[in-house]
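Here the structure comes first, spelled out in structure tokens, and everything after it is commentary.
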Amino acid sequence: MIRMRLLRIVRMTGVSFKRKLLLYSMFLSIFPVLSVGLFSSYMASRSIQTEVDKNHRYMLNQMQVQLNQFTNSLSMNSIYIATNLAVEKSVQGGPGIENLNEYLEMNETIRRIRSTSPVKYHVSILYKRFSNFIYSNEYDRNSISQIALYNILDKMKPTTSQSFYVPANTFDDQPNMLLFRPIPIASNYTEGVLVLQVDPLNILQFVGSIEHGQGTKVLVADQNDRIVISSKMDEMGENLLDLVPLSSLLNEKQDRPQTMDIDGVAYKLHTTKSPVNDWRYVAMTPMSELTAQSENIKLTSWVVAGVLALLWMLIALIGSERMYFPIQRLSDKVIPLNKAGKGKSRVDGLDALDAYMVQLVDTNRKLNDRLTEQFPYLKQGVFQQLLRGEMSEQEFVQAAEKVNMRLKGSFVFVCVAEADDIPSFHRTYRENERALIHYALFKMMEETFHGFPECTGFTSKTGQVVLLIGAEDASEETWEALRRCSDEMRSNARQYFRFPVSVAIGNPQPGYTAIGRGYEEAVALLSHRLVMGEDFTISADRADERLLKSSRQMVELQKQIVFHVVNGNMEESRQLLDQLIAELPNAQMKPETVRGLFSYMLGELDYMLQQLGLDIQQITGEDMHERLSKLRLLPELEHWLLDELFPAVKAHLQTETLSKQARTVRQVIQFVQERMQDELSLQMTADHFNLSVSYLSKIFKEESGQTFSEYVLALKMEKAQQWLEHTGTPIKDIAEKLGYSSVQNFNRTFKQCFNVPPGEYRKWKRDGA
């Protein structure tokens with residue numbers, strides 16, 4: 001219960017984990033100590049109470065035995081006297097001179113009996129038949145106390161010959177306890193009466209002290225509830241019910257202690273009744289006396305528990321600090337203080353780690369989402385590099401693991417589907433619509449070729465979709481299935497799209513790394529439509545080898561021309577274009593075929609510029625395909641390409657590249673200046689701007705005239721000089737602000753740059769000033 005309340009309080013108050021750890025440690029350390037202290041004090045108090053109860057019972061039993069012996073001794077002495085012949089004769093004969101011998105013998109008998117009695121008492125004999133004469137061995141017969149005996153006898157009104165006791169102080173002028181017995185013993189108090197008078201001090205002497213430890217008080221009352229024995233003389237003869245409630249006396253047979261209040265004082269009460277004479281014995285002990293010892297024990301226990309609790313609190317404090325240290329150290333490593341912001345105090349380590357982990361998980365989730373979104377583009381990028389031959393076998397293996405590319409089947413067929421009229425495709429669909437058309441065309445092909453073990457693809461350029469098909473063999477049945485699926489796909493394209501599509505299938509390749517060769521074959525096959533027309537399916541196994549070779553050479557020349565134009569190599573572009581135009585007469589192509597060949601080359605150029613974020617129509621200010629359709633002679637075509645189109649593309653690329661490069665370097669410099677406190681590297685900066693390390697290094701050197709590391713070092717050393725010369729900032733703090741892992745590294749670098757350590761530099765500057 002206590003632990004649940006503590007946990008509830010901790011949750012409500014929002015205590016940090018460090019304080020929670022301290023609270024739990026203290027709770028686990030202090031609670032057992034306090035529990036043991038509480039339990040031990042309770043057991044000690046309980047033990048004392050039990051011991052007191054046992055002492056009370058024992059004391060009452062002893063008192064009962066002693067008083068029984070006292071009353072028995074007193075009763076026997078009274079019987080001896082009352083039945084003595086001389087005493088009887090004296091009572092019957094009277095106190096006259098004629099009975100002097102009997103009187104003297106009675107006196108001797110009484111003396112002898114008293115001398116042998118363990119109880120000290122005085123004897124009085126009332127001669128009722130002789131004018132109430134009184135004999136006494138000690139008192140004057142005419143004294144008030146002796147005369148009062150007749151009054152007491154009259155008030156007691158005995159009806160039988162039985163003896164009876166009258167406690168001391170029951171009546172006025174009656175300081176002693178009295179025992180009445182008739183003489184003769186069966187005369188029913190009509191002739192003579194024997195009275196034994198016992199001083200209360202003698203009673204107490206006989207039974208022993210009734211004042212016991214812990215302030216215990218003992219009361220003994222007769223059958224009429226008159227107090228016979230008490231430590232206070234004035235209480236003897238009083239009614240017991242005036243001191244002890246009746247309810248407590250009624251429970252005496254339960255033999256269990258009771259608690260009661262008398263005059264505002266709490267007492268613990270034990271009562272018992274004698275079976276011999278029906279007397280009641282009462283033991284009373286003030287509760288304050290009983291609890292004093294237990295309170296002392298409790299106080300001692302709590303003092304010891306408090307000392308132990310303080311000791312364990314100190315141990316818990318030190319232990320929690322030691323246990324929390326690894327968490328704080330990890331938190332400081334993961335989330336340094338300088339990243340928490342200026343003016344902010346150190347946050348709880350576990351909360352910081354928790355927030356960091358939540359942020360990490362959230363960032364990881366976002367990255368996974370972005371990766372999932374970019375996954376098709378990653379695969380497409382890998383395929384593009386494979387098509388252009390820009391990826392080695394080892395690089396492909398690494399990239400394939402990232403994008404989960406695994407070949408299903410022994411061979412890969414490259415199937416290329418392309419719109420027959422690219423200019424019309426451009427005019428029909430806007431740029432944002434083309435991506436949707438490419439995706440729909442790809443999905444249609446994928447669904448059509450779903451019967452093969454592997455079917456994946458990508459958009460290679462505008463109006464063209466490449467499908468990679470995995471197959472177990474390259475048999476005639478496989479080729480036939482590929483052609484059948486291609487015809488079905490073209491039929492679906494005619495039905496659902498507004499442009500005709502031709503499909504070419506290259507020779508099977510042994511793996512993904514060879515798809516570049518298969519793609520070139522498929523593209524070369526597509527060039528046959530210059531002769532075969534639109535909307536056809538052609539496969540490498542049925543293509544004319546001579547025509548295929550010629551087409552392949554022209555396609556290769558076109559790619560090289562486009563490559564050199566994009567890279568600004570105008571001389572190489574001119575030479576290759578001359579070579580291509582020289583090959584055209586040998587190919588015996590129709591004008592429409594030649595126009596389609598150059599239209600394809602323009603499409604390649606447009607695609608390459610789109611990869612750089614440029615639009616060829618914005619560069620030229622006109623529709624290239626429309627301009628191409630207006631040209632009638634090859635010299636006109638050559639002049640337009642070499643003197644207008646290619647130079648315009650080169651000039652725009654140079655301008656765009658230079659302005660973009662300068663802007664990028666300015667952003668990098670600003671980034672470095674804002675993060676001087678970090679250990680910046682070229683790799684880190686390149687990753688931040690999504691650039692390759694080699695490209696960033698190249699453009700930084702071109703724009704700034706120095707390498708990236710030289711600039712960073714110069715910037716930090718310049719700042720260090722300013723701080724050393726104009727501020728009193730400690731060298732250690734300067735090293736931290738400049739992102740150095742240690743003061744030694746900073747000192748060594750500074751000395752290498754200025755041939756003097758930082759401390760001496762500061763002193764030299766100030767002395768010089």
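The values are calculated or read from the model by the stated rules, or taken from the named source; none is laboratory data. Here the structure is a predicted model, which is why all the values come from computation and not from measurement. Because the Cβ atoms are built from the backbone with ideal geometry, glycine has one as well, and the counts that use them run over all protein chains shown. Accessible surface is based on the protein model in full, side chains and every heavy atom, while ligands, DNA and RNA are left aside. Shrake-Rupley method; radii C 1.70, N 1.55, O 1.52, S 1.80 Å.
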*Ignoring ligands and nucleic acids, what accessible area does residue 628 show with a 1.4 Å probe (Å², nearest 10)?*
10 Å²
*With every protein chain left in place, what is the accessible area of residue 563 in Å² (1.4 Å probe, nearest 10)?*
110 Å²
*Distance in nm between pseudo-label sites at residue 535 and residue 116 (7 Å out along the Cβ direction from Cα)*: 15.9 nm
*In what order, largest first, do 687, 263 sit by accessible area if the probe radius is 1.4 Å?*
263, 687
_Gain in span if fully extended, residue 137 to residue 726, counting 0.36 nm per residue against the direct Cα distance_ = 199.6 nm
*residue 120 accessible area, assembled protein chains, probe 1.4 Å, Å²*: 130 Å²
_With the crude spin-label approximation of a point 7 Å out along Cα→Cβ, what separation in nm comes out for residue 631 versus residue 172?_
15.9 nm
_Can you compute the FRET efficiency between residue 43 and residue 263 using 1/(1 + (r/R0)^6), with r the Cβ-Cβ distance and R0 = 35 Å? Round to the nearest 0.05._
0.60
*Could you please put 38, 738 in sequence from largest to smallest accessible area, using a 1.4 Å probe?*
38, 738
*Calculated FRET efficiency, residue 567 and residue 622, Cβ-Cβ r, R0 30 Å, to nearest 0.05?*
0.80
*Which value, in debye to the nearest 20, gives the size of the charge dipole of segment 664-769 about its Cα centre, when Lys and Arg are +1 and Asp and Glu are -1 at the Cβ?*
300 debye
*At 7 Å along the Cα-to-beta-carbon direction for both residue 424 and residue 494, put a label point, then send me their distance in nm to one decimal.*
1.3 nm
*Note the full-extension length gain between residue 679 and residue 764 as 0.36 nm times their separation in residues minus their Cα-Cα distance, in nm to one decimal.*
27.7 nm
*Segment residue 72-residue 296, length gained on full extension (0.36 nm per residue, minus Cα span)*: 76.2 nm
_Beyond 12 Å, how much of the Cα-Cα pair distribution for segment 148-191 remains, as a whole percent?_
59 percent
*With a Förster radius of 60 Å, plug the Cβ-Cβ distance of residue 277 and residue 307 into 1/(1 + (r/R0)^6) and report the FRET value to the nearest 0.05.*
0.60
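How would 521, 191 line up by accessible area, probe 1.4 Å, largest first?
Ranking 521, 191 by accessible area, largest first, yields 191, 521.
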*So what is the orientation-averaged projected area of segment 658-742, using the convex hull of its C-alpha atoms, in nm²?*
5.7 nm²
